[in-house]
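Worksheet: the structure to be examined is printed underneath.
The values are calculated or read from the model by the stated rules, or taken from the named source; none is laboratory data. What you see is a predicted model; the values in this text were computed from it and never measured. Quick reminder, even Gly has a Cβ in these numbers, built from the backbone with ideal geometry, and neighbours come from all protein chains shown.
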Amino acid sequence: MKRLSKALIATVALGAVALASGCSSEGEPVTFDGPSAAPAGRGGGAAAAETAAKTLMPTGPKAEFTTQNTVDDGTRIGVTTLRGRKSGFTGKVWVWAPQQYFDPKYANSGFPVLIALPGGNGYPNNYWMGTDLKLQSSISRWSKEGKSLPFIVVMPVLNPDDKYYYDGSDIPGQPKMGTWMTEDVPDFVRANFRTFTSRDGWAFMGSSSGAFVGLKSVLKHPDRFKAVIASGPDIVPDSPLWAGHATERAANDPERLARALGAKPGGKDTDVYLAFQAGTRESALRRVRAFIRDHTKGPVKTRLQLIQDGGHNARTYVRGMEDGSIEWISRHMQGPIPTP
């Protein structure tokens, strides 16, 4: 089920070409230090106090980043190696911060985070870190047009190798990819960036197998993550590594998780926003529609972006984001707060 379509393989190949071509600053050190925040309690009154209560300043320790790519607007995509303290897994993480992050008027504010996951094995690279798909440049433009919040985009490796899919889960006896994705990666972001203290500032975006991981993570941890853009997603955990672990597999099944969450009362502290995307030419559309039909209730809010003539590939999904998905989740998330 998690095999790459020809279109998605072509997308990955294009990303590889982009990596090979490089850029003039590739490999150079890059920092994501923002402007210095004003001392706490100096001016601003109640508004400043509210911003401070919502914002978590970088906790450290600070990671060392090198430049992977440079976006059209001059911002850089950095890469580092993260040694997960909780999962024990070590892997690469790529990050990008929008221009607004470096604007002094937002020096005291957190920024929303979008954890972007690829389809396929997502190892050793996450193809969203390439500039060919224009994810970062699109978010930069959309944020200025009022379609999107200015997200920090975080792009970890999806699997520990290119042999199996690990379903973004802690499969017994295997690398703890669920802990890596939902604990180590967010802790790493909090260590290096101004973020928000509540789940209102945290979302996933993914395609195919990456969409499964994002969808499952939001449904399993609605106290930590508020939204996901799930494009052409797999719906069931189907890694061969689940053999002999039926109980643990069931605990990572999006349908079971959605049923359990949907049975609870909705509210601002429990509602999750599942922005599904599917092209009219891909087989995922049928199962997405079935999921929406069966599980939209209570705290589980859903939306389907139908992409005309779209296939199972990343370029289709970026188009769908522009057509409505990114705006929908942005309306339900916390944006950066300018200094009064």
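To keep it simple, each residue is scored yes or no on (1) free of Cβ contacts under 8 Å to residues at least 24 places away in the same chain; (2) not aromatic (Phe, Trp, Tyr).
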| site | (1), (2) |
| --- | --- |
| Ala227 | no, yes |
| Gly232 | no, yes |
| Ile235 | no, yes |
| Ser239 | no, yes |
| Trp242 | no, no |
| Leu257 | no, yes |
| Ala260 | yes, yes |
| Gly267 | no, yes |
| Leu274 | no, yes |
- Message: I'd like the full set of residues that are at pLDDT 95 or above, among the small types (Gly, Ala, Ser) and within 21 Å of Phe225 (Cβ to Cβ), limited to the stretch 257-303.
- Response: Ala258, Ala260, Gly262, Ala263, Ala275, Gly298
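Within the stretch 85-98, which residues are touching a residue at least 40 places away in the same chain (Cβ under 8 Å), farther than 15 Å from Val154 by Cα and not hydrophobic (A, V, I, L, M, F, W, C)?
Matches in the stretch 85-98: Arg85, Lys86, Ser87, Gly88.
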- Note on the structure: Of the conditions (1) without any contact (Cβ under 8 Å) to a residue 60 or more places away in the chain; (2) over 14 Å from Ser209 (Cα atoms); (3) not basic (Lys, Arg), the single one that Tyr123 does not satisfy is (2)
- Note on the structure: Scanning the stretch 54-82 for residues that are closer than 22 Å to Asn126 by Cβ and basic (Lys, Arg) gives Lys62, Arg76
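Let's see how each residue does on (1) within 22 Å of Tyr127 (Cα to Cα); (2) more than 22 Å from the chain's Cα centre (by Cα):
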site: Pro265; (1), (2): no, yes
site: Asp271; (1), (2): no, no
site: Ala284; (1), (2): yes, no
site: Arg293; (1), (2): no, yes
site: Asp309; (1), (2): no, yes
- Query: If the Cβ limit is 7 Å and pairs must be 6+ apart or interchain, which residue in the stretch 289-317 that is in contact (Cβ under 8 Å) with a residue 60 or more places away in the chain pairs with which residue that is among the β-branched types (Val, Ile, Thr) and part of a helix (DSSP H, G or I)?
  - Reply: Asn313/Thr11; Ala314/Thr11; Arg315/Thr11
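Rundown of residues vs (1) within 21 Å of Ile139 (Cβ to Cβ); (2) modelled with pLDDT under 95, yes/no style:
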{"residue": "Leu4", "(1), (2)": "no, yes"}
{"residue": "Ile9", "(1), (2)": "no, yes"}
{"residue": "Ala52", "(1), (2)": "no, yes"}
{"residue": "Ala63", "(1), (2)": "no, no"}
{"residue": "Gly74", "(1), (2)": "yes, no"}
{"residue": "Ile77", "(1), (2)": "yes, no"}
- Message: Looking only at the stretch 185-244, count every residue that is among the basic types (Lys, Arg) and not in a helix (DSSP H, G or I) and tell me the total.
- Response: 3
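Determine which member of the set Pro233, Pro240, Pro222 is crowded, with 24+ Cβ neighbours inside 10 Å, over 10 Å from the mean Cα position of the chain (by Cα) and not hydrophobic (A, V, I, L, M, F, W, C). Outline the logic, then answer.
Numbers: Pro240 fails: crowded, with 24+ Cβ neighbours inside 10 Å; Pro222 fails: crowded, with 24+ Cβ neighbours inside 10 Å.
After applying the criteria, what remains is Pro233.
Residues of the stretch 292-340 being in a loop (DSSP other than H, G, I, E, B), out of contact with any Pro (no Cβ under 9 Å at 6 or more places or on another chain) and either β-branched (Val, Ile, Thr) or surrounded by 16 or more Cβ atoms within 10 Å (Cβ to Cβ) (or both), which ones?
Once the filter is applied, which keeps residues that are in a loop (DSSP other than H, G, I, E, B), out of contact with any Pro (no Cβ under 9 Å at 6 or more places or on another chain) and either β-branched (Val, Ile, Thr) or surrounded by 16 or more Cβ atoms within 10 Å (Cβ to Cβ) (or both), the stretch 292-340 yields Thr296, Gly310, Gly311, His312, Asn313, His332, Ile337.
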